[in-house]
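Data block below; observations after.
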Amino acid sequence: MSLPWLTVIGLLPLLGAVAVWLLPRSDARAARLVALGASLVTLAVTLAMALRFDVGKAGQYQFTERVNWIPQFGVSYALGVDGIALVMVALSVVLVPVCILAAWNEVTDERASTFYGLVLVLETFMIGVFAARDVFLFYVLFEAMLIPVYFLIGQFGGAQRRYAAVKFLLYSLLGGLVMLVAVISLYTQGPGGEQGFLTSNLTGLHFSSTVAERLLFVGFFFAFAVKAPMWPVHTWLPDAAAEAPAGVAVLLVGVLDKVGTFGMITLCLPLFPDAAKWAAPVVLGLAVVSVLYGALLAIGQSDVKRLIAYTSISHFGFIVLGIFAMTSYGTAGSTLYMVNHGFSTAALFLIAGMLAARRGSTRIDDYGGLQRVTPLLAGTFLVAGLSSLALPGLSSFVSEFLVLVGTFTRYPVAAVAATGGIVLAALYILLTYQRMFTGPAKDYARGWKDLSVREAWVVAPLIAVIIALGVYPKVVLDAVNPAVGRTLQQVHQNDPAPTVAGVKPAAEGTKP
């Protein structure tokens, strides 16, 4: 019998959380060490699994497990990863130990066991939601993630933490409630039986009517748009990210929000192909608005964490744009963008947290001239910022380029409009760097130390990945391309044939 890799990987952080909670509440150091150790063991086992992943069959689900969970209702405990799910699980397990190390000195009292235990529980839910191959199991984990995040923000956040936590919870519960109705309705359209919620049994359904398929699509899409977040259901994110501890903000924006766009690729498109094509023009319009709106509001922010949150709204607009362009370049670029955005945003949030730990403020105008005092800290912020604005040679460039090229081949107007986000990105990143790091050093900062050894261990892996994926993104693209191709086949979409001036283009999906 083969090792149930995904179950083991999901249980490791959960067992670590139990171990942390069994420790004396007064021993904060032991809680930190056990949490870091559990997250590193999870990372090591995930890497061992990834080495066994057959890239040649990346379009198929591997390491599959299935056990009847609630057969009377058609619910199965079904897990498996294709190339897209694998890279999202890898993103999760890489960022968790980084965030634990970043929070090393943030929570040092008797609450430490609660904080680190919740982070590990959240890791279990993140791994599970990306690996779930049963729609009902996906929904349960999709909602379960709210619990640790709510307490992490509400107990350990800033001055407005309770307001931000409740707002996050209410928005997410609203999206989840709509999705629950859609999940149950989808089951009634399927074959039913003990495995009625398996995604494989719900793909390729013949719906009772076109209206039914469209309503089900809207139910799933709304929940994912809230989670993503997209305009106009985005307003919870700036508050939650600004009030959350830096490490929690990283997991919130770097991983949890990706569940929304991951769901769009793996559920919305293959389960409701005709409805997805019907809704694509409207979704693309919302995506373009998200790109421009998020970037414009980022420029006007006075708080650096809120600025990073608004930049993420803009970036998620690009991701959704590539998904609903329904081209191989666009969808592959969106998947790569999810990974790249996770690392670049993580670096920005964590560096902002390091600055706040020194100054006690996240207001941009409270800083200035730091590149003279802390050049390494300034340099890492600049590299992460340049990646965020998609500078060639850094990770986000390739993904953003693929998204725009893939979108332009089918929806040129949307692609051209979205390119305005690139110009605005240069403004909000470079202006922020100028205000915080250039000019004469302020008196309060003259005694500051540059990156400590612990802080270097936090940011160095992120910067290394940002540069590596900027130079060699093939390692991720090779894994996701077969899964992208399978998804486009399920939606019955082919890349538009290239056109040449004066020559009549071939019919879509045929050779010219």
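The values are calculated or read from the model by the stated rules, or taken from the named source; none is laboratory data. These figures come from a predicted structure and were not determined experimentally. Note that each Cβ is placed from the backbone with ideal geometry, even for glycine, and that neighbours are counted across all protein chains shown.
Per the listing Leu348, Leu377, Leu336, the residue uniquely farther than 22 Å from Gln301 by Cβ, of a type outside the set (Ser, Thr, Tyr) and not in a loop (DSSP other than H, G, I, E, B) is Leu336.
Condition check ((1) small (Gly, Ala, Ser); (2) under 30 Å from Tyr61 (Cα atoms); (3) at pLDDT 90 or above; (4) in contact with a Gly (Cβ under 9 Å, 6 or more places away or on another chain)) across all residues:
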| site | (1), (2), (3), (4) |
| --- | --- |
| Thr432 | no, no, yes, yes |
| Gly447 | yes, no, no, no |
| Asp450 | no, no, no, no |
| Val459 | no, no, yes, no |
| Ile466 | no, yes, yes, no |
| Pro473 | no, yes, yes, no |
| Pro482 | no, yes, yes, yes |
| Gln493 | no, yes, no, yes |
| Thr499 | no, no, no, no |
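Looking only at residues in segment 62-102 that are surrounded by fewer than 21 Cβ atoms within 10 Å (Cβ to Cβ) and touching an Asp or Glu at 6+ places or on another chain (Cβ under 6 Å), the one that is farthest from Val475 (Cα to Cα) is Pro71. Do we find a residue being in contact with a Gly (Cβ under 7 Å, 6 or more places away or on another chain), hydroxyl-bearing (Ser, Thr, Tyr) and outside any helix (DSSP H, G or I) anywhere in segment 293-314? So far as segment 293-314 goes, no, none of its residues is in contact with a Gly (Cβ under 7 Å, 6 or more places away or on another chain), hydroxyl-bearing (Ser, Thr, Tyr) and outside any helix (DSSP H, G or I). Please determine, by comparing only the residues of segment 177-198 that are in a helix (DSSP H, G or I) and at pLDDT below 90, which one is surrounded by the most Cβ atoms within 10 Å (Cβ to Cβ). Going through the qualifying residues, I end up with Tyr187. Restricting Leu252, Leu292, Leu296, Leu271 to those that are surrounded by 21 or more Cβ atoms within 10 Å (Cβ to Cβ) and at pLDDT 90 or above reduces the list to Leu271.
Could you say which residue among Leu137, Leu101, Leu118, Leu122 is assigned to a helix (DSSP H, G or I), in contact with a strand residue (DSSP E or B) (Cβ under 7 Å, 6 or more places away or on another chain) and not aromatic (Phe, Trp, Tyr)? I'd like the intermediate steps shown before the answer.
Values: Leu101 fails: in contact with a strand residue (DSSP E or B) (Cβ under 7 Å, 6 or more places away or on another chain); Leu118 fails: in contact with a strand residue (DSSP E or B) (Cβ under 7 Å, 6 or more places away or on another chain); Leu122 fails: in contact with a strand residue (DSSP E or B) (Cβ under 7 Å, 6 or more places away or on another chain).
The match here is Leu137.
Filtered by the rule that a residue be in contact (Cβ under 8 Å) with a residue 24 or more places away in the chain, surrounded by fewer than 17 Cβ atoms within 10 Å (Cβ to Cβ) and farther than 25 Å from Ala50 by Cα, segment 477-494 gives Gln490, His492. For segment 340-378, name all the residues that are of a type in the set (Val, Ile, Thr), surrounded by 24 or more Cβ atoms within 10 Å (Cβ to Cβ) and out of contact with any Phe, Trp or Tyr (no Cβ under 9 Å at 6 or more places or on another chain). Listed by number, the list holds a single entry, Thr345. Within segment 90-118, residues that are over 24 Å from Leu348 (Cβ atoms) and aromatic (Phe, Trp, Tyr) have Cβ atoms under 9 Å from residues that are surrounded by 24 or more Cβ atoms within 10 Å (Cβ to Cβ) and modelled with pLDDT of 90 or more in no pair, counting only partners at least 6 apart in sequence or on another chain.
Suppose we filter Ala325, Ala244 for residues that are over 24 Å from Leu424 (Cβ atoms) and hydrophobic (A, V, I, L, M, F, W, C); which single one remains? Break it down into steps so the answer makes sense when it comes.
Values: Ala325 fails: over 24 Å from Leu424 (Cβ atoms).
The match here is Ala244.
Residues in segment 423-450 that are over 22 Å from Ala384 (Cβ atoms) and in a helix (DSSP H, G or I) were compared, and the one that is farthest from the chain's Cα centre (by Cα) is Asp443.
Filter segment 1-58 for residues that are assigned to a helix (DSSP H, G or I) and touching a strand residue (DSSP E or B) at 6+ places or on another chain (Cβ under 7 Å); which is surrounded by the most Cβ atoms within 10 Å (Cβ to Cβ)? Let's see the steps before the verdict.
Taking segment 1-58 as the starting set, the residues that turn out to be assigned to a helix (DSSP H, G or I) are 5-22, 28-51, 55-57.
Filter again for touching a strand residue (DSSP E or B) at 6+ places or on another chain (Cβ under 7 Å), leaving 5-7, 49.
Details: Trp5: 22, Leu6: 25, Thr7: 17, Met49: 20.
So, considering only residues that are assigned to a helix (DSSP H, G or I) and touching a strand residue (DSSP E or B) at 6+ places or on another chain (Cβ under 7 Å), the one surrounded by the most Cβ atoms within 10 Å (Cβ to Cβ) is Leu6.
Condition check for Gly420 on (1) under 19 Å from the mean Cα position of the chain (by Cα); (2) surrounded by fewer than 16 Cβ atoms within 10 Å (Cβ to Cβ); (3) within 30 Å of Lys277 (Cβ to Cβ); (4) of a type outside the set (D, E, K, R): one failure, at (1).
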